[in-house]
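Written out below as structure tokens is the structure these notes cover.
The values are calculated or read from the model by the stated rules, or taken from the named source; none is laboratory data. Model, not experiment: these values are computed from the prediction. Every residue, glycine among them, receives a Cβ derived from its backbone with ideal geometry; neighbour counts consider all protein chains shown.
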Amino acid sequence: MLATSMTLPIEMFRAAQNAAQVQSRTTPPLEVVTAGLTCDKVQTAAGFSLIPDHTLEEIEHTDILFLPALWRNPKSSLRQNPKLLAWIKRLHAQGTLICSVGIGVSFLAETGLLDDQAATTHWYYFDRFQKDYPNIQLKRQHFIVQAGNLFTAASVNAFADLTVFLIQKVYNKLVAMHVERHFSHEVRKAYSSTSFVNEHSQHPDEDIVEIQVWLQDHYHQDITIKSLAEQFKISVRTLNRRFKSATGVTPLNYLQQLRIDAAKDLLKNSNLSIYEVACQVGYHDLSHFNRLFKRLLATNPKKYRDMVRAKLFSSH
């Protein structure tokens, strides 16, 4: 296996726990353990060994399960691990959120849990994966794919993106941004921009979906929640209630996130001034834009631009 596919999410969640405890001393402790068929040493592709904390039988429940990436052909690993496949299916039945990466996605595929579901894997394995598992909807163009409580990631870098997304779900956005900045801020892309979410995981409120699509197309315009409600012929109260129920956030929060995501792209990829970026995404009050940006990303637009444009290597 690739050791980084196991150690990276562990280290990222440890960092998240530390950041969350700084925010609140009442944050419950995080328990992260490793498990194997036995507690014998496991040889990694890097040439060193890791020792599992527990056997599979000792793990009766977990909230999140990370399955590591395999190196090259997975067939021998699959043949040697029938107990692992049964264990994965048992945890899935309990509602465990299961994440797999690269060729390690074959573990999930072999269980049958991905049949008639969308998934991705490492580009090297695309053709073989499609041949071996024709009932799985292979999404070659996406780095992360969600199908209910099953997540598949194409590479270790995509696994890092997915881990940031999960950290936000477990803790909050500020903690996720803290981890993102310390691990991969200058290279990662937002989960939403690289992922495919199975349609069955989406909310069923078609009116709210229509509003979301409209906001995605018009976020740069002058929009108030009152004008939005009037346009879609519902009351502000009903709009807020239904939008929050369907998406988990208010329409204002959703609009703000769309604008800040667009601003991040402009800050990284254009030479527009900070004020011009703010105007491009619908904010004409620079102070308000700066405050909102810092509240959502824990840094100001200028520092963000400097950070994402910083060269990792220099010849000087």
Within segment 1-110, helices (runs of 4 or more DSSP H) holding 1 or more residues that are closer than 30 Å to residue 174 by Cβ and without any contact (Cβ under 8 Å) to a residue 12 or more places away in the chain:
4-23
Can you find a residue in segment 68-79 that is buried (at least 16 other Cβ atoms within 10 Å of the Cβ) and touching a strand residue (DSSP E or B) at 6+ places or on another chain (Cβ under 8 Å)?
yes
Can you tell me which residues in segment 117-142 are in a loop (DSSP other than H, G, I, E, B) and either among the basic types (Lys, Arg) or within 22 Å of the chain's Cα centre (by Cα) (or both)?
117, 120, 121, 122, 136, 139, 140, 141, 142
Yes or no: residue 272 among the aliphatic types (A, V, I, L, M) and free of Cβ contacts under 8 Å to residues at least 24 places away in the same chain?
yes
Selected residue (criterion: modelled with the highest pLDDT) from residues of segment 190-215 that are among the polar types (S, T, N, Q) and in a helix (DSSP H, G or I)
212
Test residue 64 against the stated conditions and say whether it is modelled with pLDDT of 95 or more and surrounded by 19 or more Cβ atoms within 10 Å (Cβ to Cβ).
no
Which of the numbered conditions does residue 82 fail, given that it passes all the others? Conditions: (1) modelled with pLDDT under 95; (2) within 19 Å of the chain's Cα centre (by Cα).
(2)
Among (1) of a type in the set (A, V, I, L, M); (2) touching a Lys or Arg at 6+ places or on another chain (Cβ under 8 Å); (3) part of a helix (DSSP H, G or I), the one test that residue 234 misses:
(3)
Residue check: is residue 174 modelled with pLDDT of 85 or more, surrounded by 14 or more Cβ atoms within 10 Å (Cβ to Cβ), outside any loop (DSSP other than H, G, I, E, B) and in contact with a helix residue (DSSP H, G or I) (Cβ under 9 Å, 6 or more places away or on another chain)?
no
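Residue-wise test of (1) within 28 Å of residue 169 (Cβ to Cβ); (2) modelled with pLDDT of 90 or more; (3) surrounded by 18 or more Cβ atoms within 10 Å (Cβ to Cβ).
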residue: 217; (1), (2), (3): yes, no, no
residue: 227; (1), (2), (3): no, yes, no
residue: 230; (1), (2), (3): no, yes, no
residue: 233; (1), (2), (3): no, yes, no
residue: 239; (1), (2), (3): yes, yes, yes
residue: 248; (1), (2), (3): yes, no, no
residue: 255; (1), (2), (3): yes, yes, yes
Within segment 25-45, residues being surrounded by 11 or more Cβ atoms within 10 Å (Cβ to Cβ) and within 26 Å of the chain's Cα centre (by Cα) number 9
